[in-house]
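The values are calculated or read from the model by the stated rules, or taken from the named source; none is laboratory data. Here the structure is a predicted model, which means the values were calculated and not measured. Here Cβ is always computed from backbone atoms with ideal geometry, including for glycine, and neighbour counts include all displayed protein chains. Side chains are part of the model used for accessible areas, which takes the heavy atoms of the whole protein and leaves out ligands, DNA and RNA. Shrake-Rupley method; radii C 1.70, N 1.55, O 1.52, S 1.80 Å.
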Number of protein chains: 2
Amino acid sequence: MKSITSTSEKILDIAQSLIVAGGYNGFSYADISAAIGIRKASIHHHFPTKAELVSVLVDRYRQQAEAGLKSLREGVSSPAEQLRAYVSYWHSCIRDASLPFCVCAMLASEMQMLPEEVASQVRGHFHSLAGWLRSVLQDGTENGLFQLDKRPEEEAQMLMASIHGAMLSARAFGDPELFIAIVAPQIARLQARD
Amino acid sequence: MKSITSTSEKILDIAQSLIVAGGYNGFSYADISAAIGIRKASIHHHFPTKAELVSVLVDRYRQQAEAGLKSLREGVSSPAEQLRAYVSYWHSCIRDASLPFCVCAMLASEMQMLPEEVASQVRGHFHSLAGWLRSVLQDGTENGLFQLDKRPEEEAQMLMASIHGAMLSARAFGDPELFIAIVAPQIARLQARD
DNA sequence: ATTTGCCTACCTACTAGTAGGAAGATAAAC
DNA sequence: GTTTATCTTCCTACTAGTAGGTAGGCAAAT
């Protein structure tokens, strides 16, 4: 019986945590090698180049994210609760340090020096996350639960920026609670006031 | 007559633009060497170690920022205009690509692998920027120009996060106008509504 | 005479990536 | 059911190039 997580998945897991910690240029094959007890060359067997490794990694991340967002949309009652569930997911990730930053947000900051294939995937993630937020906001507005100052797509961009900025502040200050302190009021203010 | 910018300042200038592009691990002494036409060893003469170079660089950045913010506070009429001037400064930096990202925001994303001296300076910058925003918001509130939902320090953190997140989105999408589209409404909503 | 600023030449450690082979599993051919 | 060929996964050993950093010298300025 095979191990539940294959070697290539283990490689992606540790690479992901290394990217979240230090970005594209912040990790090496040697780091992965040391972390999972396999030789450098064996990693190249699974992922011939670094660009390809990160590309597969971001692809997996995007699929997981999209699946997670979709299931939130289907499984959680109201749009307001969907937003709250989304940010509380991140809050717990930051608190327990399991994934204290969005992989794509991290990579976006290095956009200018990323391999083009990775850069376009990062753009794609930002686009689909903004799209998800927009659809939640629109849904909430149509049901009279939200009262937006701006068009849903603009409010979605504002919310996404707040979330990413809040991750950054939480990291800068080393205070996980700062994340929710910044993000919660931004969601609260969307709520219809009467 | 000496060149108006000394070699060490030229080193800091190019290092800063390289950090803004790719972070702490995204540049090397060789990159600086190639950019300003000086040998690697000569850079070590000015800045013995990379950690020291970046430390001096962030120190200079913080001084410039603090001076700029202080002069905005003194030279610009109303708190609302002070905020607008601040974000429009960034907007033009992003538009003309002269400094398309805050050095400290960039470094904050790599917080976990930064030399401790640099990390504490980055924390310091976040602290003083939040402090500046707080004082502007408080000033505006006391003069009846702003109407805040939360305490000034919380609103300041929210605003700072929006600004950093907006920088990230502008970079991810390659669209400088997105920065102001995200940030302007966040400032507008602070305005007293009656 | 010492300091400043830069140089050539070098070091060790590490970077991504390659060549080629050993061990084991798989599966078809006999 | 054993043999044979193939595939997968990992290995050792290596490459060329780059990382940050050092030693020591030279010329001009102070």
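Where residues in region B:52-76 are small (Gly, Ala, Ser) and closer than 22 Å to B:Val87 by Cβ, which of them is modelled with the lowest pLDDT? Reasoning before the result, please.
Residues of region B:52-76 small (Gly, Ala, Ser): B:55, B:65, B:67-68, B:71, B:75.
In the following step, the residues that additionally are closer than 22 Å to B:Val87 by Cβ were identified as B:65, B:67-68, B:71, B:75.
On the way: B:Ala65: 98, B:Ala67: 97, B:Gly68: 97, B:Ser71: 96, B:Gly75: 92.
The qualifying residue modelled with the lowest pLDDT is B:Gly75.
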For region A:50-78, pairs from a residue that is hydroxyl-bearing (Ser, Thr, Tyr) to a residue that is part of a helix (DSSP H, G or I), with Cβ under 8 Å and 6 or more apart or across chains, are A:Ser55/A:Glu117; A:Ser55/A:Val118; A:Ser55/A:Gln121; A:Tyr61/A:Gln16; A:Tyr61/A:Val103; A:Tyr61/A:Cys104; A:Tyr61/A:His125; A:Ser78/A:Gly140
Open item on the list: Against the definition (open to solvent by less than 30 Å² (accessible area, probe 1.4 Å), of a type in the set (Phe, Trp, Tyr), within 14 Å of another protein chain (Cβ to nearest Cβ) and under 28 Å from B:Ala105 (Cβ atoms)), how does A:Tyr24 come out, yes or no?
Closed with: yes
Across region B:12-50, the tally of residues that are among the hydrophobic types (A, V, I, L, M, F, W, C) and more than 15 Å from B:Val103 (Cβ to Cβ) stands at 9
Within region B:1-15, residues being open to solvent by less than 30 Å² (accessible area, probe 1.4 Å) and not in a helix (DSSP H, G or I) number 0
For region B:45-75, the count of residues that are over 22 Å from the mean Cα position of the chain (by Cα) and surrounded by 14 or more Cβ atoms within 10 Å (Cβ to Cβ) equals 2
(1) within 22 Å of B:Pro152 (Cβ to Cβ); (2) within 14 Å of chain A (Cβ to nearest Cβ) all hold for B:Lys70 apart from (2)
Selection from region A:177-188 of residues at the interface with another protein chain (Cβ under 7 Å from one of its Cβ atoms) and open to solvent by less than 10 Å² (accessible area, probe 1.4 Å) yields A:Ile182, A:Gln186
If we take region A:16-102, then helices (runs of 4 or more DSSP H) inside it with 2 or more residues that are away from DNA strand D (no atom under 14 Å from the Cβ) and aromatic (Phe, Trp, Tyr) are A:79-95
Scanning region B:156-176 for residues that are touching a residue at least 12 places away in the same chain (Cβ under 8 Å) and more than 8 Å from chain A (Cβ to nearest Cβ) gives B:Ala156, B:Leu159, B:Met167, B:Ala170, B:Pro176
Of (1) among the basic types (Lys, Arg); (2) touching a Pro at 6+ places or on another chain (Cβ under 8 Å); (3) farther than 30 Å from A:Ile180 by Cβ, A:Arg95 fails just (3)
Going through region A:106-156 in order, the residues found to be buried (at least 18 other Cβ atoms within 10 Å of the Cβ) and in a loop (DSSP other than H, G, I, E, B) are A:Glu110, A:Leu114
Residue pairs within 8 Å by beta carbon, gap of at least six or interchain, first lying in region A:117-145 and within 14 Å of another protein chain (Cβ to nearest Cβ), second β-branched (Val, Ile, Thr) and open to solvent by less than 30 Å² (accessible area, probe 1.4 Å), listed first then second, are A:Val118/A:Val54; A:Val118/A:Val58; A:Gln121/A:Val58; A:Val122/A:Val58; A:His125/A:Val58
When A:Val103 is run through (1) in contact (Cβ under 8 Å) with a residue 60 or more places away in the chain; (2) open to solvent by 30 Å² or more (accessible area, probe 1.4 Å), the failure sits at (2)
Filtering region B:76-95 down to residues that are farther than 20 Å from B:Ser128 by Cβ, over 16 Å from the mean Cα position of the chain (by Cα) and surrounded by fewer than 17 Cβ atoms within 10 Å (Cβ to Cβ) yields B:Ser77, B:Ser78, B:Glu81
